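All remarks here apply to the structure that follows.
The values are calculated or read from the model by the stated rules, or taken from the named source; none is laboratory data. On a predicted model such as this, the values are computed, not experimentally measured, just so you know. Positions of Cβ are generated from backbone atoms using ideal geometry, with glycine treated the same way; all protein chains shown enter the neighbour counts. For accessibility, only protein heavy atoms count, side chains too; no ligands or nucleic acids. Shrake-Rupley method; radii C 1.70, N 1.55, O 1.52, S 1.80 Å.
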Amino acid sequence: MQFYAADDAAVGDLVAELIRAGGFDPVSVGGLDQSIRIEMFGDLHEYGALGRVVTKTEALKVI
Amino acid sequence: MIVPARRRLSGRRPPWTSPRRGDGGCPGCTRPSAAPDLDGWAITERLLSDLAPLADRIWLVIDDVHELGPDALRQLELLVLRVPPGLRFVLATRHDVRLGLHRLRLEGELTEIREPDLRFTLAEARELLETSGVELPEAAVVMLHERTEGWAAGLRLAALSLAGHPDPARFAAGFSGTDRTVAEYLLAEVLDRQRDEVRRLLLRTSILEGVNGELADLLTGDTGGERVLLDLEQANAFVISLDGSRSWFRYHHLFAGLLQLELRRTAPVEAAALHRTAAGWLAEHGYPVEAIRHAQAAGDWGLAAGLLADHWPGLHLDGQAATTHELLAGFPSSVRAVDAGLAAVAAADELAYGSLGAAERYLGLAERGTASAPDARRAQAQLLVGIVRLLVVRQRGDLPTVAEEVRRLQALADAPDATHYDLAPAARAALGQDLRAMALIGLGITEVWTGRFQEAERHLERGVALARRIGRPFLEFTGLAHLAAVEMFRSYARAAERGRQALELAERHGWASDPAAGTACMVLATIRTWQGRLDEAEPWVQRAERTLAADAQPATGHVICYIRGLLELARGRDADALAALRAAEPLARRLAAPHYTVPRARALPVHALVRLGETEAAEQALADLAGQDRDHGETRIATAVLRLAQDDPHAANFAAGGQDFLLAGRDQEAARKIASDLDGHAEVVSVDEAVDRADVLIIAVWPDDFKELIAQYGGRLAGKVIVDPSNPVGPVGQGGYRKVIGAQESSGQILAGLLPAGARLVKAFGTLSAPHPVRGRLAGARARGAVLRRGRRRRRRPGR
């Protein structure tokens with residue numbers, strides 16, 4: 001599972017496709033104003049409040 | 001005041017007139033001995049009437065005024081007060097005489113030049129030697145000036161002896177009151193003029209650095225010593241009072257040298273007995289250090305060893321390691337090894353000035369010696385061994401053993417059995433408090449090193465509070481320095497405050513080179529490094545390094561090497577960082593338990609090696625790490641750094657998913673190597689080409705490099721989808737990273753704001769499990785697109 005954030009849905013979909021191509025499930029956290037959550041120390045980053053890598057199901061619960 | 005030598009220096013010869021001892025007077029008379037029957041008063045009157053018409057200014061110099069009798073002094077006083085204004089007197093005397101000149105003093109007509117004014121400064125001493133044709137190195141001049149205490153006659157005598165001397169520097173080094181010229185002068189002018197009992201007092205007390213009446217009486221077997229000393233001081237006879245109440249005195253260095261020589265010459269067998277007597281008195285009156293020195297001078301090793309063993313805990317608790325070191329050096333090595341107490345003290349001394357190995361050997365000797373010590377000494381030796389063992393095991397960071405020693409010391413502190421340790425109740429209570437504070441702080445320090453910060457804080461805070469209450473600033477200082485190390489992980493401000501408090505105590509008491517001061521400096525250095533204030537960190541690291549006694553204190557030494565490595569890494573001086581971290585490793589191996597900086601210091605070389613491009617060496621360094629170090633966060637980060645330098649996870653993932661893409665980075669060779677493993681999915685291109693051809697660019701670089709790329713390519717990014725996996729952090733050690741932008745800011749939003757019109761940003765790929773974007777890395781991609789990555793040293797390589 002990998003999070004992404006994009007202001008433009010079409011562009012977000014393009015990147016979601018790339019994430020899938022890399023073997024991960026894409027999970028959108030919303031627009032770029034949410035990107036802080038998926039940067040280091042953000043609540044959805046492994047080195048932030050999340051503390052570990054999570055599965056898609058778990059990820060959908062926390063966003 | 002002995003001034004003639006200095007006056008001769010002026011080169012001009014004033015009209016001298018010197019009264020003779022016991023002379024009836026006639027100071028102004030030009031033929032004093034021609035008319036011995038003349039009345040002094042009549043002469044004075046006649047002289048006054050003869051001088052009255054004088055119009056010119058005349059200087060009349062009268063030397064040795066102290067030789068005048070009471071009548072002559074009154075006649076001189078009359079003369080001085082009534083002469084015409086053109087006549088000026090210069091009176092020279094060795095001590096104050098009764099001359100009623102106070103009215104002149106009130107009117108500002110009296111200039112008094114006293115001993116401090118007459119004393120030569122260093123510059124004047126140098127000038128005197130130079131004009132005498134003596135060339136000396138500066139160190140020798142300083143030594144001569146110190147020996148003579150600026151006494152002009154002494155300097156002049158030294159200069160006379162030095163002129164034509166084959167080795168003037170050696171002469172200056174050995175110059176003392178026993179030098180023939182000085183000895184003759186002092187014998188004739190000072191010693192031979194004293195009464196027999198005064199001479200005896202001077203000779204017998206010359207073995208002391210400081211003397212008072214009681215001690216003088218003890219050494220002479222006489223009474224009235226204090227009066228004699230006061231009179232000698234009053235007479236400026238090379239006796240100087242040491243305190244305001246004038247109860248302690250010392251002799252001028254040169255005079256003391258002469259007296260000691262005279263004592264050896266006239267009473268050679270008595271010196272040892274005098275030293276022993278002095279040692280007993282000094283020990284009883286609270287001067288243990290001086291007492292030990294005299295016992296050593298007497299050759300009474302048993303007395304000296306017993307005194308040192310008795311007083312060492314106090315010396316240690318007051319941070320007097322240098323004094324202990326010097327006292328120990330005064331014992332023959334055979335004595336040091338056989339006396340249990342002395343061996344324990346030697347073990348502690350090795351911790352300060354030698355090596356941990358030697359300390360452990362002495363401790364072994366002390367432990368064996370304790371078993372065979374006589375009953376009267378055994379309890380004391382056991383106490384010493386207990387304290388020293390705590391200090392020794394602390395250095396190895398051996399927490400279980402430290403805890404055991406602490407329990408023993410606390411048991412001793414809680415129930416000091418009178419038969420166990422022969423002390424008065426008050427002294428026993430004080431010892432109990434000392435031991436308790438020492439135990440708490442010793443335990444706390446070991447807990448800091450082994451990473452048990454909560455327990456460490458509790459023990460150190462109690463120890464510091466107790467040390468403050470019982471007035472043991474050295475323990476307080478040691479505790480504060482290590483509390484700073486604990487606070488460092490929670491509050492920079494509080495840690496810095498503790499560190500500064502510790503260093504203030506160190507400055508005030510002269511402990512700036514103690515290892516605990518090094519710990520406090522290390523904390524201040526670490527905080528500044530973590531804050532990125534690298535230039536400010538440097539002087540603190542240097543101060544910490546000056547205290548480094550790595551042989552004896554591997555735990556502190558390790559932390560200091562680690563912070564040097566971290567600072568150099570933060571500065572990008574990777575080779576220097578590597579050298580410092582490698583110096584830490586042998587120290588780490590000497591520690592019994594994992595020290596909190598050890599896994600960090602072992603992981604950081606991987607960062608340095610990756611940055612130096614030595615990925616194979618980095619791989620080896622990682623492989624060499626033991627299991628417990630491998631699980632540490634710092635090691636995992638180092639592993640991620642290495643993997644990202646060796647390969648590109650995004651690229652590998654795309655290839656595995658059958659996605660074709662371009663790969664770009666500065667290092668085309670490295671890009672080709674990565675691409676070669678990707679079954680033809682990646683095409684290596686230049687960054688320029690990747691920017692032009694790809695629709696989606698995954699730019700895996702640090703935020704600052706990202707900004708640089710945006711600025712460089714500007715409008716060429718229009719229409720592209722820019723994927724930003726960056727994390728706005730910088731490597732600063734201790735778990736690795738800190739956010740380098742505001743807490744509420746995100747790098748995604750900042751970078752999106754910098755993009756040219758038509759370019760759109762997506763935040764993604766920044767949360768992989770080995771996810772840290774490594775400095776110098778850039779990845780970009782698109783569906784049929786590009787991974788841009790930047791290799792080490794900003795070489796780029798592209799691919800498809």
Problem set entry | Test: residue in the range B:40-59 that is at pLDDT 50 or above, of a type in the set (Ser, Thr, Tyr) and surrounded by fewer than 16 Cβ atoms within 10 Å (Cβ to Cβ) | yes
Exercise. On the given criteria, is B:ALA329 under 28 Å from B:PRO473 (Cβ atoms), small (Gly, Ala, Ser) and at pLDDT 90 or above?
Worked result: yes
For this session: Within the range B:539-579, count every residue that is open to solvent by 10 Å² or more (accessible area, probe 1.4 Å), aliphatic (A, V, I, L, M) and within 10 Å of B:GLY518 (Cβ to Cβ).
Result: 2
Problem set entry | Wholly enclosed helices (runs of 4 or more DSSP H) of the range B:493-596 bearing at least 2 residues free of Cβ contacts under 8 Å to residues at least 12 places away in the same chain | B:534-546, B:574-589
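So that you can scan it fast, the table gives a plain yes or no per residue for (1) assigned to a helix (DSSP H, G or I); (2) of a type outside the set (Asp, Glu); (3) open to solvent by 40 Å² or more (accessible area, probe 1.4 Å):
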{"site": "B:ASP222", "(1), (2), (3)": "no, no, yes"}
{"site": "B:ASP231", "(1), (2), (3)": "yes, no, yes"}
{"site": "B:GLY244", "(1), (2), (3)": "no, yes, yes"}
{"site": "B:SER247", "(1), (2), (3)": "no, yes, no"}
{"site": "B:PHE255", "(1), (2), (3)": "yes, yes, no"}
{"site": "B:GLN260", "(1), (2), (3)": "yes, yes, yes"}
{"site": "B:ARG276", "(1), (2), (3)": "yes, yes, yes"}
For this session: Scan the range B:525-545 and give yes if some residue there is under 30 Å from B:ALA413 (Cβ atoms) and more than 15 Å from the chain's Cα centre (by Cα), otherwise no.
Result: no
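Every residue, every condition in (1) part of a loop (DSSP other than H, G, I, E, B); (2) in contact (Cβ under 8 Å) with a residue 24 or more places away in the chain, yes or no:
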{"position": "B:ALA42", "(1), (2)": "no, no"}
{"position": "B:SER49", "(1), (2)": "no, no"}
{"position": "B:LEU54", "(1), (2)": "yes, yes"}
{"position": "B:LEU73", "(1), (2)": "no, yes"}
{"position": "B:ARG94", "(1), (2)": "yes, yes"}
{"position": "B:LEU110", "(1), (2)": "yes, no"}
{"position": "B:PHE120", "(1), (2)": "yes, yes"}
{"position": "B:ARG126", "(1), (2)": "no, no"}
Problem set entry | Residues satisfying the stated conditions in the range B:637-677, i.e. within 14 Å of chain A (Cβ to nearest Cβ), at pLDDT 75 or above and open to solvent by 40 Å² or more (accessible area, probe 1.4 Å) | B:ASP660
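Go through the range B:678-691 residue by residue and tally those that are over 57 Å from the mean Cα position of the chain (by Cα) and modelled with pLDDT of 80 or more. If you could, list the steps in order and put the result at the bottom.
First, the residues of the range B:678-691 that are over 57 Å from the mean Cα position of the chain (by Cα): B:678-686, B:688-691.
If we keep only those that are modelled with pLDDT of 80 or more as well, we get B:682-686, B:688-691.
Qualifying residue count, the range B:678-691: 9.
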